[in-house]
Amino acid sequence: MQNKIYAGNWDGEICKGVYLSEQRPLIMAGPCMLETRELGFEMAEFLKNKCSKMNLPYVFKTSYDKANRTSSNGVRGPGFEKGSQWLREIKEEFGVPILIDVHTPSEAIQAAQIADIIQIPAFLCQQRELLAAAASTGKTIQVKKGQWTSAQEMLEVAKYLVEQCGNPKVILVERGTNFGYNNLVVDFRNLVDMKKFGNAVVFDATHAVQLPGAGDGKSSGLRDMVPHLVKAAVAVGVDGVFMEVHSNPAQALSDADTQLSPKAAELILEDICRILERV
Amino acid sequence: MQVSFFKKNFFTVIERSIVDENLIAIEKKEILQAYDFSAWKLTANSKLTQIPSLSERENKMCELKKKHNSPFGICVTTADDVKIASKYASFLYIPGEFCRQADVLAEAKNAQIPLVVEKGVFLAPNDIKRLCEKIQGADFCLVECGSANGYSDSILDPRSLMLMQQNSSCFGISLSDLLSPEGTHYAHRPQWLGNHEFMKAFIKTGKAFQASFYVTKNNAHDQFNAEQILEMVR
């Protein structure tokens, strides 16, 4: 469903027939880390089916390389070679667009072979080389707002990608702002501010509830808060909702305290539909 | 036991300079230079899209090495940067935004070259030890850049200084970052920009925690230059 023209005259199309939209927000969901091929298949199938049923557009998100874990002991994932092969199979099997995060300019070029959306992590949101490299692929670029940056600074990022790099396919993501140490708060004013000039804005529901570094060498989080934040974000108006979903969150190799179970994700999707009807 | 590079080379200030075509080696007593070969950080109204990689600027690094009599550092932001810069630099300078990037840190550690690593403004004091674990075995020092306190503001938290003292052989304080977080310029508190009294307070705090040096950027707005800082420290 195409219903809006974004900054740079972009129609919000991620890939054929999949659009960003405030009326039916794009659901970007999947496991934090592509731990195994089976996990990827299981989550893609489940989420694709649920989203289809609820008439919500869907993108499969995951990471094949977690390059900025809190601790040096943190597992990183299968890597590009294996990970991209699994993603190719997932794409073929379920016909879903893919979202992947990257950490270096060369990774961005590599990821473009498989990804429909290239995501720039929050810590690297102002790294010019990375932004320029990702933009040069012509793919949709999704940039997470740094936990310390203001909406104003993110508008500069979007402006740079659209006007200087010539890639209008830009999404900005709210994922919470440092509120003292080990705590994030979501300032909903950012959802409004980042939309200025017609930018597409997505709400990252599971990272927004993180308690960074609060888990003795890993991040902790307040998973129970996810549904409440999603309700508020959808009510304010977002073009997409991002969330991490794992078949067994307690056993997840990363972000175990914030990933959602499939059941919890399903309830949130139902909630989103209800809120959309109300607002 | 080998003496740390940072103890062997007496210095009070690290000055960060952006390299342009006209750069000549900057050598000042008690001031170490850390050169930034690419304007890697996006700032307001940026028009630069063709960013030369470090490998494209290798000639310039080579030239700098020939001209420099004193040790100097090069700013690195990727693992590839580390491989090139470590051939020419006396030490590597890793900005705070990259203090969790495993590949950059691992490559920097493997390069067996002294490292100056900034603490990201998003990093809680307790996570300083995680950062140090990633570069354990390297000759490194840390730099406190302040902690994000809402938008467009950062604060100097003494708890960070205490933990830096405990976790590294020496550490410094970035006065430029504390006085003018990049991209913000204290729009809401212009009177804070380059405030002389704040500068003195940060230096005094540094002295109390035995900070070994201070960092300044020579391209920052309304900043004190390295010589002025040196004067204040004395």
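The values are calculated or read from the model by the stated rules, or taken from the named source; none is laboratory data. A quick note: this is a predicted structure, and the numbers were derived from the prediction, not measured. Glycine gets a Cβ as well: all are built from the backbone with ideal geometry, and neighbour counts include every protein chain shown.
Summary of computed values
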{"read-out": "Strands (runs of 3 or more DSSP E) wholly inside region A:136-242 containing at least 2 residues that are of a type in the set (A, V, I, L, M, F, W, C) and away from chain B (no Cβ under 14 Å)", "value": "A:170-174, A:200-204"}
{"read-out": "Residue under evaluation A:Gly77, criteria (1) at pLDDT below 95; (2) within 17 Å of the chain's Cα centre (by Cα), criterion not met", "value": "(2)"}
{"read-out": "Matching residues in region A:103-132 - criterion: being more than 9 Å from chain B (Cβ to nearest Cβ), in a loop (DSSP other than H, G, I, E, B) and closer than 22 Å to B:Ser46 by Cα", "value": "A:Pro121"}
{"read-out": "Unmet requirement for A:Ala122, which otherwise passes all of (1) in contact (Cβ under 8 Å) with a residue 40 or more places away in the chain; (2) in contact with a helix residue (DSSP H, G or I) (Cβ under 9 Å, 6 or more places away or on another chain); (3) among the small types (Gly, Ala, Ser)", "value": "(2)"}
{"read-out": "Positions within region A:20-47 being touching a strand residue (DSSP E or B) at 6+ places or on another chain (Cβ under 8 Å), part of a loop (DSSP other than H, G, I, E, B) and farther than 15 Å from A:Asn248 by Cα, in sequence order", "value": "A:Leu20, A:Pro25"}
{"read-out": "Region B:33-77, residues that are among the basic types (Lys, Arg) and within 11 Å of chain A (Cβ to nearest Cβ)", "value": "B:Lys41, B:Lys47"}
{"read-out": "Conditions (1) more than 22 Å from B:Asp153 (Cα to Cα); (2) surrounded by 19 or more Cβ atoms within 10 Å (Cβ to Cβ); (3) of a type in the set (S, T, N, Q); number of the one not met by A:Gln126", "value": "(1)"}
{"read-out": "When residues of region B:95-153 are limited to those that are closer than 20 Å to B:Ser212 by Cα and charged (D, E, K, R), the one nearest to the other protein chains (Cβ to nearest Cβ)", "value": "B:Lys129"}
{"read-out": "Qualifying residues in region B:54-73 (those that are closer than 25 Å to B:Phe140 by Cα and polar (S, T, N, Q)) - the one modelled with the lowest pLDDT", "value": "B:Ser55"}
{"read-out": "Test: residue in region A:150-165 that is touching a strand residue (DSSP E or B) at 6+ places or on another chain (Cβ under 7 Å) and surrounded by fewer than 18 Cβ atoms within 10 Å (Cβ to Cβ)", "value": "no"}
{"read-out": "Lone unmet requirement of (1) touching a helix residue (DSSP H, G or I) at 6+ places or on another chain (Cβ under 9 Å); (2) within 14 Å of chain A (Cβ to nearest Cβ); (3) not small (Gly, Ala, Ser) for B:Phe171", "value": "(2)"}
{"read-out": "Filtered residues of region B:167-217 (kept if on the phi > 0 side of the Ramachandran plot and modelled with pLDDT under 90)", "value": "B:Gly183, B:His185, B:Tyr186, B:Gly194"}
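Listed here are the residues, each with its yes/no results for (1) of a type in the set (Asp, Glu); (2) buried (at least 22 other Cβ atoms within 10 Å of the Cβ).
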{"position": "A:Tyr6", "(1), (2)": "no, yes"}
{"position": "A:Cys15", "(1), (2)": "no, no"}
{"position": "A:Pro25", "(1), (2)": "no, yes"}
{"position": "A:Leu34", "(1), (2)": "no, yes"}
{"position": "A:Arg37", "(1), (2)": "no, no"}
{"position": "A:Glu42", "(1), (2)": "yes, no"}
{"position": "A:Lys61", "(1), (2)": "no, yes"}
{"position": "A:Tyr64", "(1), (2)": "no, yes"}
